[in-house]
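Report on the structure given below.
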Amino acid sequence: LILHLKRFSYGGWGSKIDTIVNFPVDEVLTLNPLSGAGSAQYDLFAVSQHYGSLYYGHYTAMTWHRGQKCWALADDGTFAPTSSSGDWGDRSKSAGYVLFYRLRQ
């Protein structure tokens, strides 16, 4: 499941929307389809982040490192594990751009 968040306003000069989006990081995302077919559960495994504006910016990613069982920040040539998802803070939650979820089996 891929969720793409609207992060840009295209009126005038175009600007970044920095609203904090509280998406579940360590918890399960449960979706209940309108069809009544039952619910589906998803685990977050990566987040693409954008810092900057419509015309310039920088992309980073937070990814789940299965081997070390921790979140890691990928930023240009750096790949560094974080101590917990709590390290994300409001700055990361306002930069989340594309969320990648895996269906829980």
Could you grab me the full set of residues in segment 8-62 that are within 21 Å of residue 94 (Cβ to Cβ), of a type in the set (Val, Ile, Thr) and either exposed (fewer than 11 other Cβ atoms within 10 Å of the Cβ) or touching a residue at least 40 places away in the same chain (Cβ under 8 Å) (or both)? 19, 20, 21, 25, 47
Which residues, counting only those in segment 16-72, are among the hydroxyl-bearing types (Ser, Thr, Tyr) and outside any loop (DSSP other than H, G, I, E, B)? 30, 42, 48, 51, 59, 60, 63
Could you list all residues from segment 73-95 that are modelled with pLDDT under 85, among the small types (Gly, Ala, Ser) and not in a loop (DSSP other than H, G, I, E, B)? 80, 85, 86, 89, 92, 94, 95
State all residues of segment 2-59 that are under 13 Å from the mean Cα position of the chain (by Cα) and either among the small types (Gly, Ala, Ser) or at positive phi (or both); if no residue qualifies, say none. 46, 48
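The values are calculated or read from the model by the stated rules, or taken from the named source; none is laboratory data. These numbers come from a predicted model, not from an experiment. Every residue, glycine among them, receives a Cβ derived from its backbone with ideal geometry; neighbour counts consider all protein chains shown.
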